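Undergrad: Can you keep this structure in mind? I'll have questions shortly.
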Amino acid sequence: MLETFSLAFIPDDTIVIKVKQMKELLAQEIGWFHSKNALAHITVCEFKMDINGLKQLQSQLTNLAKTIQPVSVTLATFGTYPNGAFFLSPTLDSKENLKPIMKSFTSRLKIKNMYKSNDPHVSIARKLNTNQISIAEQLLVPEILSFLCQSIALRKLDMQKKQFEIIATFPFTGEVQPAVQTSLF
């Protein structure tokens, strides 16, 4: 049976709490919305896989994550997408630091039919109408929030809660891979 998984960067606890507070404040004004109960994260990709492929995937994630150098991420402004998403946006420098890491995971993992995120952001709400977006923009005050992105989380969709739950975390240790000598003969 195929289950739904995602890979995501999880900010530190301070940012997780701040984002939760923003979501609760917004919910007091507009009621329930998509992503209201989701833990703050930056989605790298989503995919379906049967449980038998999970061990091999975790091995790939361990090997890939240990070659990644941790990077500083600063969230500084709010943004929106035409589909009604309202989110915290990383600075340009932070996006430039995150995008190669995201691409490294999405291009090197052998997963079929993967949805790849190409614009790093932390969702506050999804599927809002224009009036709700306007309320969010007036209600929430952007502040500069920074964290060290030093791992990637593997999350599994809990069908009862309709939320992703972290099932494993893979630290970035920046290990240099030894060069492989090849021979011409």
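Undergrad: Can you pull out the residues in the range 36-73 that are in a strand (DSSP E or B) and either surrounded by fewer than 17 Cβ atoms within 10 Å (Cβ to Cβ) or among the small types (Gly, Ala, Ser) (or both)?
TA: Once the filter is applied, which keeps residues that are in a strand (DSSP E or B) and either surrounded by fewer than 17 Cβ atoms within 10 Å (Cβ to Cβ) or among the small types (Gly, Ala, Ser) (or both), the range 36-73 yields LYS48, ASP50, SER72.
Undergrad: Restricting to the range 74-89, and then to whatever is open to solvent by 10 Å² or more (accessible area, probe 1.4 Å), touching a residue at least 40 places away in the same chain (Cβ under 8 Å) and not in a loop (DSSP other than H, G, I, E, B), can you tell me which residue is farthest from GLU137 (Cα to Cα)?
TA: THR74
Undergrad: Restricting to the range 1-33, name every residue that is among the aromatic types (Phe, Trp, Tyr) and open to solvent by 30 Å² or more (accessible area, probe 1.4 Å). Quick ask: steps written out before the conclusion?
TA: Here is the first cut: in the range 1-33, the residues among the aromatic types (Phe, Trp, Tyr) are 5, 9, 32-33.
TRP32, the sole residue that qualifies.
Undergrad: Return the total of residues in the range 148-160 being open to solvent by less than 10 Å² (accessible area, probe 1.4 Å) and in contact with a helix residue (DSSP H, G or I) (Cβ under 8 Å, 6 or more places away or on another chain).
TA: Summing the residues that are open to solvent by less than 10 Å² (accessible area, probe 1.4 Å) and in contact with a helix residue (DSSP H, G or I) (Cβ under 8 Å, 6 or more places away or on another chain) in the range 148-160 gives 3.
The values are calculated or read from the model by the stated rules, or taken from the named source; none is laboratory data. Here the structure is a predicted model, which means the values were calculated and not measured. Cβ: placed from backbone, ideal geometry, glycine included. Neighbour counts: every protein chain shown. Just so you know, the surface numbers come from the protein's heavy atoms only, side chains and all, with ligands and any DNA or RNA stripped out. Shrake-Rupley method; radii C 1.70, N 1.55, O 1.52, S 1.80 Å.
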